Amino acid sequence: MYVTDSTAKADQDGHSDYENGPMTTNSSGNAFVRIDDDSADVQRRVVNYLDRVAAHHEMQRVRSVAFETLAPAEGEHLLDVGCGLGEIARQLAVRVGGGGSVAAVDLSEQAISVAQTRHDGGSATYAVGDITALDFPDNHFDAARCERVLQHVQDPDRVIKELARVTRPGGRVCVIDTDWSSSVGDGFDHLDEVISSLAARDHNFAAGRTVRSRMVTTGLQRTTAFPVTLRFTSPADAAVLSGFFNRNFMRDRLSAELFNRFFASVDRSVDRGDFLFAFTMWICLGQVGFPDQPSAFTQATLTRADFNIYALQDPVHGGLNRLSGTDEVPSLP
């Protein structure tokens, strides 16, 4: 769980900077390290922000694709790092059932505390932990996932390696993240200048589209990547997921001249009713290899989750079976 690295000062709409957009400046002082020691009011605002993100129609669409891509199966043991308030971990727990388990880990003690209060009796457990140094043994999980975390850490490659370390050979690693540099708009001007200004401050601004290459470099196999474009027709709707349209957040990050030009253009677009904004999130999946057998992948060991990777990569041979929902494994070409 990572949000904006800024003060929790309320804006004109009554939302704090923490409540508008997971775009942050990378630093060792991540916002959630501080939030655990911050005021109850700030903590409440953070929880409200995370609830708003989870309820947003575009985030729900991304998470639906990510859930299907991970393909959790009954009896599996899963890891969700950066779990926030635990809503995805609880959904995964329903899928794996009583014979499986879901370990939900977050950097924030406050987030874990709230997640525990929302526990529904399923197989999810909650713990505070650091994604760069997970407190689990090697080969421990059938699959691991993290969402919107890489864009906020100093060493994204270390995160991928750690997720792969705790996942068994043949298991899956699913990473979902944002490419803010993909942001496009219509009806208003100066977005390119805003993107350039923010990208200069943040070396992980395009984290989402680098995930697959990082997986390949780490040694994950059968990697695949899916872009999901999120679209918005009002700045208020976009501000739930993007800090671009939160004035308090942007005021300290843009020159006064660019700030005024940008938001004046946005306001005119709202008046005309032609505002459009979109950006891309990437859902990437990779498989942990078997020691000394980097290409071992036989039909005899092909599980339903393994087949999902195969079907996603090969729509000709695997797509029809996947779309029909059958568990029949296609013959490998």
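The values are calculated or read from the model by the stated rules, or taken from the named source; none is laboratory data. This one's a predicted model, so the numbers in the text were calculated from it and none came from an experiment. Positions of Cβ are backbone-derived with ideal geometry, glycine not excepted, and every protein chain shown enters the neighbour counts.
Points worth noting:
- Residue within the stretch 207-223 that is over 24 Å from G170 (Cα atoms), loosely packed, with under 15 Cβ neighbours inside 10 Å and of a type in the set (V, I, T) present: no
- Flag set for A104, criterion: in contact (Cβ under 8 Å) with a residue 12 or more places away in the chain, touching a Ser or Thr at 6+ places or on another chain (Cβ under 9 Å) and within 25 Å of A164 (Cβ to Cβ).
Residue by residue, here is whether (1) at pLDDT below 95; (2) in contact with a Cys (Cβ under 9 Å, 6 or more places away or on another chain); (3) of a type in the set (D, E); (4) outside any strand (DSSP E or B) holds:
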| position | (1), (2), (3), (4) |
| --- | --- |
| Q151 | yes, no, no, yes |
| A164 | no, no, no, yes |
| I176 | no, yes, no, no |
| G185 | no, no, no, no |
| D189 | no, no, yes, yes |
| I195 | no, no, no, yes |
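- Scanning the stretch 267-283 for residues that are over 13 Å from S183 (Cβ atoms) and not basic (K, R) turns up D267, S269, V270, D271, G273, D274, F275, W282, I283.
- Of the candidates D179, D189, the single residue that is charged (D, E, K, R), in contact with a helix residue (DSSP H, G or I) (Cβ under 9 Å, 6 or more places away or on another chain) and within 27 Å of D51 (Cα to Cα) is D179.
- Any chance E74 is under 21 Å from the mean Cα position of the chain (by Cα) and among the acidic types (D, E): no
- Scanning the stretch 167-200 for residues that are buried (at least 22 other Cβ atoms within 10 Å of the Cβ) and closer than 21 Å to F67 by Cα yields T167, G171, R172, V173, C174, V175, I176, D177, T178.
- If you check L134, L163 for being buried (at least 22 other Cβ atoms within 10 Å of the Cβ) and of a type in the set (A, V, I, L, M, F, W, C), only one passes: L163.
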